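Asker: Pasting a structure here, questions to come.
The values are calculated or read from the model by the stated rules, or taken from the named source; none is laboratory data. The structure presented is a predicted model; accordingly, all values stated were derived computationally and were not measured. In this analysis, Cβ positions are derived from the backbone assuming ideal geometry, glycine residues included, and neighbour counts consider all displayed protein chains. What goes into the accessible areas is simple: the full protein's heavy atoms, side chains included, and nothing from ligands, DNA or RNA. Shrake-Rupley method; radii C 1.70, N 1.55, O 1.52, S 1.80 Å.
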Number of protein chains: 4
Amino acid sequence: MDSGSQKLAPATVIAGSTASEKFTALASELAAIGRGFYARGWVLGTSGNFSAAISREPMRLAITSTGLDKGTLNAASFIEMDDAARVVSGRGKPSAEALLHVAIARELGAGAVLHTHSVWSTVLSGAHAARGGLEIRGYEMLKGLEGVRTHEHTEWLPILENSQDMTELSVRVTKLLRDRRELHGFLLREHGLYTWGATVQEAKRHVEIFEFLMEVVARASALQRAESTETGG
Amino acid sequence: MDSGSQKLAPATVIAGSTASEKFTALASELAAIGRGFYARGWVLGTSGNFSAAISREPMRLAITSTGLDKGTLNAASFIEMDDAARVVSGRGKPSAEALLHVAIARELGAGAVLHTHSVWSTVLSGAHAARGGLEIRGYEMLKGLEGVRTHEHTEWLPILENSQDMTELSVRVTKLLRDRRELHGFLLREHGLYTWGATVQEAKRHVEIFEFLMEVVARASALQRAESTETGG
Amino acid sequence: MDSGSQKLAPATVIAGSTASEKFTALASELAAIGRGFYARGWVLGTSGNFSAAISREPMRLAITSTGLDKGTLNAASFIEMDDAARVVSGRGKPSAEALLHVAIARELGAGAVLHTHSVWSTVLSGAHAARGGLEIRGYEMLKGLEGVRTHEHTEWLPILENSQDMTELSVRVTKLLRDRRELHGFLLREHGLYTWGATVQEAKRHVEIFEFLMEVVARASALQRAESTETGG
Amino acid sequence: MDSGSQKLAPATVIAGSTASEKFTALASELAAIGRGFYARGWVLGTSGNFSAAISREPMRLAITSTGLDKGTLNAASFIEMDDAARVVSGRGKPSAEALLHVAIARELGAGAVLHTHSVWSTVLSGAHAARGGLEIRGYEMLKGLEGVRTHEHTEWLPILENSQDMTELSVRVTKLLRDRRELHGFLLREHGLYTWGATVQEAKRHVEIFEFLMEVVARASALQRAESTETGG
């Protein structure tokens, strides 16, 4: 596959559109992605949340209202919030985890932040927690991560201890992102994946890439073990 | 994710609606959920049944008629029954397991009861039967269970011996629910999952949470074993 | 779940319909089932074939024409054939395996015969070939097999050696069915599943039940092993 | 199943159609296939690319433009290119891997070339790399590969070392295809599958057959190990 740098033109940047039109366009785009992730089992049981930046100064994010079934998302499922996760417009309230979206958007200038809870991210973030992260290397699919040009790449996917104190956790996330600006995502232990992108589509691609690679890492580990004790395939 | 307590307004309580309108609304909502579960492979081969409370005094439940393909459910697939599982209206007859729905609705005041037969619930309810249940702890997804506020929670999912005598089994279920009112579901050994909620949507969320967590528990067990004998991932 | 004996009224028996109308109704019903199986990955790559009896005297079966993509089946994908697998009407030709459909329809009076190639049936029919079959017992889902009333049932799913000589293989199938009239299906080694029913819907249910149970048997075997060497779950 | 030789009439050869009509027909056919592969998780994150021959002299291929989300492919997602992978018409640019498509179309006269990145092809191409390929034998599904008449067939699926130098890699691919004209596909290590066919539908069938067989090989290996240490199933 080609490097992720041959990316789509950012369809979400609409010259001359009003903030309200931008909100609706971004929310609709995120809603479609969320329904697709729900179908794949990555955001079951109202888990997961998705955001995109409407403006930088002042910071305004479109973000999923909390507690919704992701299989039925539409533009009205989103609210507009500021950089303290306060509602600016829309019905509902942001997830407590909205502070993590703000931290990522602010530190990295991300255009979109996606958070999923898949089986594999939950399992691997538990199994590798003691090592502090998951090292993924040698796979062609790594090139789907923005800026990666070759499969001869080592991606570090850090695992942060989970917490219910989002202020404390957002401080840890901010510190992590300042120290390791080359990251494309991180895991919360036995919780799920955070990844992001310059555009909504880039962030969606990063979710798919990481979910794919985590399944590969887990299955390769099991297969390697079976193969090492068998003769023939 | 946010605690399950930030739940949707109960869409199924329609002020001023007649019992018949309530029946149709609840049956349509359950039918859509059932078709979704069928697509995920959780109610293959006419397995599974779903109910929701239309009224409490007297108790009336909308419940799937027995023996139907869950991939083609619609409101006409449901019957109305009383607290002895006798048909009040509608064509067809309730499942023998309807007595378990009545027991759960009566003991816990559940607004909806969902029963699924997934691969993982079948496998885990066999593998853990000797321990009497499955202990699930530490996962963020536990917060999708009503009233759970933190991942630092231990959920006990009891496993009851399977039986074809539904009167006898409903007595055991009633006793279990009186002793352990904090439960969110239980497994029947090598049979499947029962869970419930105040509303149809809450019960649906509980199915998704438990199905997710059971897959995680099973895969984490297998991965842990592979990892413990390998170097690197 | 309820026993499979609480089955649907056979929707495919239409009083007063002409043979042509019956053909079209059965072919349409089988086509919809085939598209669903394709979506689940049970008949990839033009594998699988499906038939239903239009009449007994003389025997006429609607059966999939050979070599078709099962994701795009419709009534025109079927041909009508006689008990020697000769085309009576329709475009295309029957699969060489049509003789097995005839053998099953003749020996058991089956109204429909469905043949699928799933990953699990392929894997298990190889792993258990030396034992001559797969024993499945204790699962509630067994009640989805016609006539089974309790989970305390042992189902024998024989495994026949695969062959390209369909005349020879149909003789072996005929002998098997005469000796073991209680069977609900059989496997061809590293090839797939044959199952049947009085109606198309009953045969569909049997496919789902067997596919479910085979996945359960395979995963339970792997999990049992992991659990037996771990402490805790 | 029947041998792959009972294939569909090549729907993509439209007598009297213009090159432009052929391009559109082939691109639409490939787009539908690509969306289906995306749904199955075989081309996540903009991975994969698909081509079909419009003409031989001069060689013109319709091929996916690089960097696209395969879940939203349509005919406009394709470009027309020549045998040096230069754009002849259409918007976008071909993948760097377009040279491999050219090599396959030129050496084997393939009418279509499909490249996918599935979990199983990634895992197996890593696990078996040291042996130079994957040997698959004894499965009925092998008959879905063009020209294979019996399950008693041994298919060799070579594994080539991955590379970012497409000129160098296309030389290796050309050499491989000249030496082993009986091949139906090959793997790039920890990257994915290349397969092809006389028609688009035949190439699609080959993808499904190989993806199925790779999953079977991987799961059979794991199951065989579990079974060999257990008593009973």
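Asker: Just to be sure, is D:V173 within 14 Å of chain C (Cβ to nearest Cβ) and modelled with pLDDT of 95 or more? Let's see the steps before the verdict.
Answerer: Numbers: within 14 Å of chain C (Cβ to nearest Cβ): no; modelled with pLDDT of 95 or more: yes.
So D:V173 does not fit the description; no.
Asker: Tell me the residue from A:A85, A:A39 that is of a type outside the set (D, E, K, R) and on the phi > 0 side of the Ramachandran plot, please. Break it down into steps so the answer makes sense when it comes.
Answerer: On the way: A:A39 fails: on the phi > 0 side of the Ramachandran plot.
Going through A:A85, A:A39 in turn, just one is of a type outside the set (D, E, K, R) and on the phi > 0 side of the Ramachandran plot: A:A85.
Asker: In region D:109-136, how many are under 20 Å from D:L176 (Cβ atoms) and outside any helix (DSSP H, G or I)?
Answerer: Number satisfying all stated conditions: 15.
Asker: Being farther than 18 Å from C:S221 by Cα and either in contact with a Phe, Trp or Tyr (Cβ under 6 Å, 6 or more places away or on another chain) or assigned to a loop (DSSP other than H, G, I, E, B) (or both) is true for just one of C:I63, C:I104, C:I79. Which residue is that? Steps first, please.
Answerer: Numbers: C:I63 fails: either in contact with a Phe, Trp or Tyr (Cβ under 6 Å, 6 or more places away or on another chain) or assigned to a loop (DSSP other than H, G, I, E, B) (or both); C:I79 fails: either in contact with a Phe, Trp or Tyr (Cβ under 6 Å, 6 or more places away or on another chain) or assigned to a loop (DSSP other than H, G, I, E, B) (or both).
Of the residues listed, the single one that is farther than 18 Å from C:S221 by Cα and either in contact with a Phe, Trp or Tyr (Cβ under 6 Å, 6 or more places away or on another chain) or assigned to a loop (DSSP other than H, G, I, E, B) (or both) is C:I104.
Asker: Shifting gears a bit: Looking at C:E97, C:E168, which is the one that is among the acidic types (D, E) and farther than 30 Å from C:S28 by Cα? Walk me through how you get there before you give the answer.
Answerer: Values: C:E97 fails: farther than 30 Å from C:S28 by Cα.
After ruling out the rest, the residue left standing is C:E168.
Asker: Name the single residue, out of those in region A:44-53 being of a type outside the set (F, W, Y) and more than 9 Å from chain B (Cβ to nearest Cβ), that is farthest from A:S20 (Cα to Cα).
Answerer: If we filter region A:44-53 for residues that are of a type outside the set (F, W, Y), which is where we start, we get A:44-49, A:51-53.
Subset that is more than 9 Å from chain B (Cβ to nearest Cβ): A:51-53.
Numbers: A:S51: 15, A:A52: 13, A:A53: 12 Å.
Only one residue tops the list, namely A:S51.
Asker: Follow-up question, since we're still on this one. Restricting to region D:91-120, name every residue that is within 10 Å of chain A (Cβ to nearest Cβ), hydroxyl-bearing (S, T, Y) and closer than 17 Å to D:P158 by Cα.
Answerer: If the condition is that a residue be within 10 Å of chain A (Cβ to nearest Cβ), hydroxyl-bearing (S, T, Y) and closer than 17 Å to D:P158 by Cα, then D:S118 is the only one that fits.
Asker: Turning to a different aspect of this structure: When region D:126-141 is examined, which residues are found to be more than 8 Å from chain C (Cβ to nearest Cβ) and open to solvent by 10 Å² or more (accessible area, probe 1.4 Å)?
Answerer: Applying the first criterion (more than 8 Å from chain C (Cβ to nearest Cβ)) to region D:126-141 yields D:126-137.
Scanning region D:126-141 gives D:G126, D:A127, D:A129, D:A130, D:R131, D:G132, D:E135, D:R137.
Asker: Return yes when D:V207 is away from chain A (no Cβ under 14 Å) and either β-branched (V, I, T) or over 23 Å from D:W120 (Cα atoms) (or both) and no when it is not.
Answerer: Details: away from chain A (no Cβ under 14 Å): yes; either β-branched (V, I, T) or over 23 Å from D:W120 (Cα atoms) (or both): yes.
So D:V207 fits the description; yes.
Asker: From the list B:A39, B:A27, B:A53, B:A85, which one is under 19 Å from B:I209 (Cα atoms) and not β-branched (V, I, T)?
Answerer: Details: B:A27 fails: under 19 Å from B:I209 (Cα atoms); B:A53 fails: under 19 Å from B:I209 (Cα atoms); B:A85 fails: under 19 Å from B:I209 (Cα atoms).
Exactly one residue qualifies, and that residue is B:A39.
Asker: Another one. Tell me, which strands (runs of 3 or more DSSP E) lie completely within region D:142-233 with 2 or more residues that are open to solvent by 10 Å² or more (accessible area, probe 1.4 Å), within 29 Å of C:A222 (Cα to Cα) and in contact (Cβ under 8 Å) with a residue 24 or more places away in the chain?
Answerer: Details: elements: D:154-160, D:185-188, D:192-197.
Filter on region D:142-233 gives D:154-160.
Asker: Now, a different point. Please find, within region A:21-60, the residue that is surrounded by the fewest Cβ atoms within 10 Å (Cβ to Cβ) out of those that are of a type in the set (D, E) and assigned to a helix (DSSP H, G or I).
Answerer: Taking region A:21-60 as the starting set, the residues that turn out to be of a type in the set (D, E) are A:21, A:29, A:57.
Right, trim to assigned to a helix (DSSP H, G or I) and you get A:21, A:29.
Numbers: A:E21: 12, A:E29: 21.
Step by step, filter region A:21-60, then rank; the result is A:E21.
Asker: While we're on this one: Tell me which of these D:E152 doesn't satisfy, since it passes every other one: (1) under 24 Å from D:G34 (Cβ atoms); (2) within 14 Å of chain C (Cβ to nearest Cβ).
Answerer: Here D:E152 clears every test but (1).
Asker: Ok, one more. Could you list all residues from region D:96-125 that are in contact with a Ser or Thr (Cβ under 6 Å, 6 or more places away or on another chain), among the β-branched types (V, I, T) and open to solvent by 10 Å² or more (accessible area, probe 1.4 Å)?
Answerer: none
Asker: If you don't mind, another one. When you go through (1) of a type in the set (A, V, I, L, M); (2) in contact with a helix residue (DSSP H, G or I) (Cβ under 6 Å, 6 or more places away or on another chain); (3) away from chain D (no Cβ under 14 Å) one by one for C:L193, which number turns out not to apply?
Answerer: So C:L193 meets the others, but not (3).
Asker: Return the total of residues in region D:189-233 being at positive phi, among the acidic types (D, E) and at pLDDT below 90.
Answerer: Count: 0.
Asker: With the condition kept exactly as written, say whether any residue in region C:60-80 is touching a helix residue (DSSP H, G or I) at 6+ places or on another chain (Cβ under 8 Å), free of Cβ contacts under 8 Å to residues at least 60 places away in the same chain and within 14 Å of chain B (Cβ to nearest Cβ).
Answerer: No; the residues of region C:60-80 include none that is touching a helix residue (DSSP H, G or I) at 6+ places or on another chain (Cβ under 8 Å), free of Cβ contacts under 8 Å to residues at least 60 places away in the same chain and within 14 Å of chain B (Cβ to nearest Cβ).
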